[in-house]
Amino acid sequence: MGMDGYRRLLSYNERWVAERTADRPDYFSRLKDNQDPEYVWIGCSDSRVPAETVTGCQPGDLFVHRNVANQVIHTDLNMLTVIFYAVQALRVRHVIVCGHYGCGGVKAAMSGRDFGLINRWLQNIKDCAERHQGELDALPDEEARMRRLVELNVIEQVDHLAKTSVIQRAWKTEGRPWLHGWVYDMKTGRLKELVTRTSTDLPHPVHRFDVGE
Ligand code: CO
């Protein structure tokens, strides 16, 4: 592919607009005036895990945040802003954290290599591996350990969401959103549910906020 390969994206866009408006001329004019998504998707930036494609979602369905290895880090202002806006203003019903087997971020975290600045982002995954070392060591081989670490990483990020005041306040006042941890298998295209947490699944008391009524 030459340097002008990017042009296919623009020509696809022209065809897409034509197709969308062929049977519904008001398709875009209806979408532009409000957004009312039911779901937040926190996924990996990996190009092989496209949120809308694997879930059949359309424009307006998913509020998306993606980063390397689908992390929920309490000092990440970007992630917090997405969650705050989606939960408080858009009032989404579900927040989905979706990891994927074969995640390069998880592999990098376990490689022992020095990635400079990126080490700090991967630290969270190393901490997860350390916390679950017993379970991981009991697995038969490296592939099994990496697959399980991908799952444990997702479950921990869901746990991190439950520790935010934004989620706890919405849980207390409206009983939403449900938190979901999923993993995507790039070899099969399938999604698997790992964990679901609702408003009764509060974190350890030390992580609970006095969110009032
Ligand atoms: Co990944």
- Message: Here is a list: 116, 105, 56. Which entry is among the small types (Gly, Ala, Ser), surrounded by 18 or more Cβ atoms within 10 Å (Cβ to Cβ) and either in contact with a Phe, Trp or Tyr (Cβ under 7 Å, 6 or more places away or on another chain) or at pLDDT 95 or above (or both)?
- Response: 105
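Do the conditions hold for residue 10, that is, is it loosely packed, with under 11 Cβ neighbours inside 10 Å, more than 21 Å from residue 95 (Cα to Cα) and among the aliphatic types (A, V, I, L, M)? Give the derivation first.
Numbers: loosely packed, with under 11 Cβ neighbours inside 10 Å: yes; more than 21 Å from residue 95 (Cα to Cα): yes; among the aliphatic types (A, V, I, L, M): yes.
It is true that residue 10 is loosely packed, with under 11 Cβ neighbours inside 10 Å, more than 21 Å from residue 95 (Cα to Cα) and among the aliphatic types (A, V, I, L, M).
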- Note on the structure: Note: among 86, 108, 69, 51, just one is away from the ligand (no atom under 16 Å from the Cβ) and among the small types (Gly, Ala, Ser), namely 86
- Would the range 136-157 turn up any residue that is away from the ligand (no atom under 14 Å from the Cβ), within 16 Å of residue 41 (Cα to Cα) and polar (S, T, N, Q)? no
- Message: For the range 17-35, give me each residue that is surrounded by 10 or more Cβ atoms within 10 Å (Cβ to Cβ) and either in contact (Cβ under 8 Å) with a residue 12 or more places away in the chain or among the hydrophobic types (A, V, I, L, M, F, W, C) (or both).
- Response: 17, 28, 31, 35
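Please work out if residue 46 is over 21 Å from residue 167 (Cβ atoms), assigned by TED's automatic domain parsing to the domain that holds residue 184 and crowded, with 17+ Cβ neighbours inside 10 Å. Break it down into steps so the answer makes sense when it comes.
Values: over 21 Å from residue 167 (Cβ atoms): yes; assigned by TED's automatic domain parsing to the domain that holds residue 184: yes; crowded, with 17+ Cβ neighbours inside 10 Å: yes.
Yes: the conditions hold for residue 46.
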- Out of (1) in contact with a His (Cβ under 7 Å, 6 or more places away or on another chain); (2) within 15 Å of residue 161 (Cα to Cα); (3) in contact (Cβ under 8 Å) with a residue 40 or more places away in the chain, what's the single condition that is false for residue 87? (1)
- Item | Where a residue in the range 194-209 is in the same structural domain as residue 93 (by TED's automatic domain parsing) and in a loop (DSSP other than H, G, I, E, B) and its partner, wherever it lies, is surrounded by 13 or more Cβ atoms within 10 Å (Cβ to Cβ) and among the aromatic types (Phe, Trp, Tyr), with Cβ under 6 Å and at least six apart | 198/178; 199/171
- Note on the structure: Note on residue 86: of the conditions (1) surrounded by 15 or more Cβ atoms within 10 Å (Cβ to Cβ); (2) farther than 17 Å from residue 168 by Cα; (3) not hydroxyl-bearing (Ser, Thr, Tyr), unmet is (2)
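The values are calculated or read from the model by the stated rules, or taken from the named source; none is laboratory data. No experiment lies behind these values; they were computed from the predicted model shown. Heads up, the Cβs are rebuilt from the backbone with ideal geometry, glycines too, and the neighbour counts pull from every protein chain shown.
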